[in-house]
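Visitor: Got a structure for you, written out below as structure tokens; questions coming shortly.
The values are calculated or read from the model by the stated rules, or taken from the named source; none is laboratory data. The model shown is predicted, which means the values in this text are computed figures rather than measured ones. Ideal geometry is used to build each Cβ from the backbone, glycine not excepted, and the neighbour counts take in all protein chains shown. Accessible surface areas use protein heavy atoms only, side chains included; no ligands, DNA or RNA. Shrake-Rupley method; radii C 1.70, N 1.55, O 1.52, S 1.80 Å.
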Amino acid sequence: MLMKKVDKGEMIDIASHSSSVISSKIDWVGMDEITLPIGFLGESVLTKADVQVNVLDPSAKGIHMSRLYLTLEQKLLKKDLSSSLVQKTMRSLVESQKGLSDRARLFLRWEQPIRRKALISDNWGWKTYPMSLRVVQTPQGSKWLLSFSLYYSSTCPCSAALARQLVQEEFVKQFRSENLNYEQVSHWLAQNQVASAHSQRSRADVQLLFAPGKEALDVLKYIDALENALKTPVQTAVKREDEQEFARLNGENLMFVEDALRRMKEALLPFSELANFKIKASHFESLHQHNAVGTITSK
């Protein structure tokens, strides 16, 4: 028996139907963890994207989910991320829903490689900076939050003072009754490591909130300002001369977590495009099992 051919006609769009349960607007609905390669700071990076829109019509069954995905693909895939491109993408996300939505939000996160020069030698190496961008688009405007983390070294001022005291005491014990000359002192200092201050790898987690109309993605200038203020960012390629310079910088820039926070705040205050910022400093202690942490804002 021959099967009768079925004429499919236009495919059913369930999203255009009314909801069969309680009627209600929905704050946010969409997708998380979308893999999206983009370009940023001249490098190709692999981002994870979360994207949502709201539902204005209480009786609407749902949004056109695939349109959100396709909008990101069309607007951002392998493109160089810029503030103008993000603004166009946010408008397109709302427009893709054909009146179902009037707001959208996007969250991108990635590891950003940045090439850095050694302190003294001519070598270069790569560091990665965790980054993210949160954008919320509403009829009233947009809100941009650019976040990143950077690592630096922090040497404890208290530990340094205690170490110097031990050096002083040992020196007095060794040479109390002698009339010393320059060569003897120099030799003793070169041969004796009585004590050293403890230091630790530390991290700054930075959130930048932009003033309306001043949104920008020039993240490198903020990173440079903070690392220049701290003076002890972690290094990449290191020869002996670089390691010695790093030791000198640590000795000249002893820091409690409070010192680091104040240095970083001072570095960001001149950037007038920032409506607010928040910095969390974490010093991963080598003396303690616990960490020293602190937070500071621009206000």
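Visitor: Taking R0 as 51 Å, what's the FRET efficiency between ARG201 and GLU73 from their Cβ-Cβ distance, rounded to 0.05? The partial results should precede the final answer.
Guide: Details: r = 38 Å, r/R0 = 0.75.
Efficiency at R0 = 51 Å is approximately 0.85.
Visitor: So what's the projected area for segment 94-140, the Cα convex hull averaged over all directions, in nm²? Provide the component values of the computation, followed by the final result.
Guide: Numbers: hull surface 20.7 nm².
Taking the Cα atoms of segment 94-140, their convex hull projects to 5.2 nm² on average.
Visitor: Just round it to a whole percent: the fraction of Cα-Cα distances in segment 97-182 exceeding 15 Å. Walk me through the intermediate numbers first.
Guide: Values: 2876 of 3655 pairs.
Pairs farther apart than 15 Å: 79 percent.
Visitor: Lysines within cross-link reach of LYS79: Cα-Cα under 19 Å, excluding same-chain residues under 8 positions apart?
Guide: LYS48, LYS88
Visitor: Continuing with the same structure: Could you state, as a whole-number percent, how many of the C-alpha pairs of segment 147-235 are farther apart than 15 Å? Before the final figure, lay out each step's value.
Guide: Numbers: 2810 of 3916 pairs.
Every Cα pair in segment 147-235 considered, those over 15 Å come to 72 percent.
Visitor: Of ASN192, ASN181, ASN123, which has the largest mean-square fluctuation in a 10 Å C-alpha GNM of the chain?
Guide: ASN181
Visitor: Express in Å², to the nearest 10, the accessible area of GLU183 obtained by rolling a 1.4 Å probe over the protein heavy atoms while all chains stay in place.
Guide: The value for GLU183 is about 120 Å².
Visitor: Can you give the convex hull volume of the alpha carbon atoms of the chain per residue, in Å³? Provide the component values of the computation, followed by the final result.
Guide: Working: hull volume 69.3 nm³, N = 299.
Enclosed volume per residue, from the Cα hull, is 232 Å³.
Visitor: If you wrap a convex hull around the C-alpha atoms of segment 20-112 and split its volume per residue, what is the figure in Å³?
Guide: It comes to 85 Å³ per residue, whole-number rounded.
Visitor: Taking Cα centroids, how far is segment 112-164 from segment 221-299 in Å?
Guide: 8 Å
Visitor: So what is the relative contact order for the chain, in percent, with contacts set as C-alpha pairs under 8 Å and at least six apart? Please report the intermediate quantities before stating the final value.
Guide: Numbers: 539 pairs, mean separation 44.6, N = 299.
About 15 percent, as a whole number.
Visitor: So which trypsin sites (Lys or Arg not before Pro) in segment 169-203 end up in coil per DSSP with only 15 or fewer other C-beta atoms within 10 Å? Kindly include the intermediate steps, with their values, before the conclusion.
Guide: On the way: sites: LYS173, ARG176, ARG201, ARG203; in loops: ARG176.
Here the sparse-neighbourhood loop sites are ARG176.
Visitor: With a cut-off of 8 Å between alpha carbons and a minimum separation of six or more residues, what is the relative contact order of segment 53-191 in percent? Numbers along the way, then the final one.
Guide: Working: 139 pairs, mean separation 22.6, N = 139.
Once divided by the residue count of segment 53-191, the mean separation gives 16 percent.
Visitor: While we're on this one: List the DSSP H helices in the chain whose Cα atoms stretch 20 Å or more along the helix axis and whose mean Kyte-Doolittle hydropathy is at least 0.0. Numbers along the way, then the final one.
Guide: Details: long enough: 157-175 (27 Å, 0.06).
Counting only whole DSSP H runs, the qualifying helices are 157-175.
Visitor: Restricting to lysines 8 or more places apart or on different chains, can you count the pairs in segment 193-285 with Cα atoms under 25 Å from each other?
Guide: Lysine pairs meeting the criterion: 13.
Visitor: Let me ask another. Which whole-number value in Å³ per residue fits the convex hull of the alpha carbons of segment 70-112? Write down the numbers at each step before the final one.
Guide: Details: hull volume 3.3 nm³, N = 43.
That works out to 76 Å³ per residue.
Visitor: Using the Kirkwood radius built from alpha carbon pairs, what does the Stokes-Einstein equation give as D for segment 167-283 at 37 °C and 0.692 mPa s, in µm² per second?
Guide: Details: Rh = 17.7 Å.
The diffusion coefficient I find is 185 µm²/s.
Visitor: Extent of segment 218-259 along each principal axis, from alpha carbon coordinates, in Å, largest to smallest?
Guide: Largest first, segment 218-259 extends 33, 25, 11 Å along its Cα principal axes.
Visitor: What translational D, rounded to a whole number of µm²/s, comes out for segment 184-248 from Stokes-Einstein when the hydrodynamic radius is the Kirkwood one over Cα pairs, at 25 °C and 0.890 mPa s? Don't jump to the answer; show the numbers that get you there.
Guide: On the way: Rh = 15.9 Å.
Value of D from the Cα-based Kirkwood radius: 154 µm²/s.
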